1. Name every residue in region 10-27 that is surrounded by fewer than 20 Cβ atoms within 10 Å (Cβ to Cβ) and touching a residue at least 12 places away in the same chain (Cβ under 8 Å), in order of residue number.
2. From the set of residues in region 219-257 that are over 18 Å from L38 (Cβ atoms) and of a type in the set (V, I, T), which is surrounded by the fewest Cβ atoms within 10 Å (Cβ to Cβ)?
3. Can you tell me which of (1) on the phi > 0 side of the Ramachandran plot; (2) buried (at least 23 other Cβ atoms within 10 Å of the Cβ) is the one D67 doesn't meet?
4. Step by step: first the residues of region 311-352, then only those that are more than 30 Å from S273 (Cβ to Cβ) and of a type in the set (S, T, N, Q), then the one that is modelled with the lowest pLDDT. Which residue is that?
5. Mind counting the residues in region 78-98 that are charged (D, E, K, R) and at pLDDT below 90?
6. Can you tell me which residue within region 1-48, out of those that are at pLDDT 95 or above and among the acidic types (D, E), is nearest to I180 (Cα to Cα)?
7. Checking V292 against (1) in contact with a Cys (Cβ under 6 Å, 6 or more places away or on another chain); (2) at pLDDT 95 or above; (3) of a type in the set (A, V, I, L, M): exactly one of these is not met. Which one?
8. For region 33-41, does any single residue satisfy the condition of being without any contact (Cβ under 8 Å) to a residue 40 or more places away in the chain and under 30 Å from G129 (Cα atoms)?
Amino acid sequence: MTTAGKEVRLQSVSRSFGETLALQPTDLQIAPGEFLTLLGPSGSGKTTVLNLVAGYLAPSSGRIIVDGADVTDRPPRLRNMGMVFQNYALFPHLSVLENVAFGLRVRRRPKAEVQRSVSHALALVQLEGMGNRMVATLSGGQQQRVALARALVIQPDVLLMDEPLGALDRQLRKQVQLEIRRLHLAHRRSTLYVTHDQEEALVMSDRIAILRSGKIEQIGTADELYRTPANAFVASFLGESNLLRGRIASLSRGCAELEVPGLPARLAGTAASDLAVGRPAVALIRPEDVRVNAEVGLPASIVERVYLGELVALRLHLGEGVELWCRRLSRSEPLASERVQVSWSPDHVRILHP
Ligand code: ATP
């Protein structure tokens, strides 16, 4: 298997279906060897992007460039991309070997090469020795590995995956996530991965693009999106968040103060772009950044406790209509009373466009 990944570029690519603009004009780059995930709610345009790159859909405008070559008008079979779908799309009445060999047979590769490549692909996904089993007799996780082997065997320039783990149970999903990640790190094949599961995106991706209504809201590493989300949508889509709504009271040198109805003091934090004094905005505070029982803080009462194993989540009531979730280690010192003092560092507050 080769290790060289190819670069994929979307240049002002859009796609409409009748009146629906499924993808607004979009620029996007998958760097050579990068694992890029498209994350977004249902209908946000993720599959549309994937199908445009694969060539199953033609763009309404724009060009698609792979390693400098314009492939916009090339049919899918001439793009050398491997595709893995949620429903596996395997031939149930054929053996594992026959399923994996399919793409090579269509390309009329010599028999010896087919055998060698298929064994290699099955070893990669840890299915050695299962080649003669009928696909219908395999578990969901094994079938998904066959689908992955089938996509890898053609040595694709780009690997495209559309919710490939959606049909697996949680335990298996976590296991296959890590396997896909390890396989990626070993071979560095450029990969475009579609999911609506944030955990999956966090575990596997080099970068994540968050989509909403056919538009990329933000693209970056998981840590960039988590720590410095561009807006409230991104903040709420990745990780747990407290979002307090109010109006900007002051703005200077990258810092903002927010008046939040029901909160006795102004809320200070780092300002994102597109804010103006007097305009509505949202303060983001991650639950792990909310401290309880600080010596100085705002009085609050605990109104709910949720045990999460390693962590416990507390719902805190601070004032009329103002509540925050706090997460702390469940083994930390028990709280003596339901009345607590709550605080956070302004460094952990981000003031965002609503
Ligand atoms: P999901 O997570 O549900 O698969 P998605 O983010 O992949 O959603 P897309 O399937 O790309 O979203 O769809 C984006 C928009 O384009 C939706 O409004 C969808 O209804 C519309 N759309 C997609 N394919 C077609 C089609 N063949 N004909 C008409 N509209 C379509």
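The values are calculated or read from the model by the stated rules, or taken from the named source; none is laboratory data. Treat the numbers as computed from the prediction; the structure is a model and nothing was measured. Backbone-built Cβ (ideal geometry, glycine too); neighbour counts: all protein chains shown.
1. Listed by number, the residues that qualify are Q11, S12, S14, S16, L21, Q24, P25, D27.
2. T228
3. Evaluating D67 over (1) on the phi > 0 side of the Ramachandran plot; (2) buried (at least 23 other Cβ atoms within 10 Å of the Cβ) leaves (2) as the failure.
4. Ranking the qualifying residues of region 311-352, first place goes to S337.
5. 0
6. Among those that are at pLDDT 95 or above and among the acidic types (D, E), it is E34.
7. Only one criterion is unmet by V292, namely (2).
8. no
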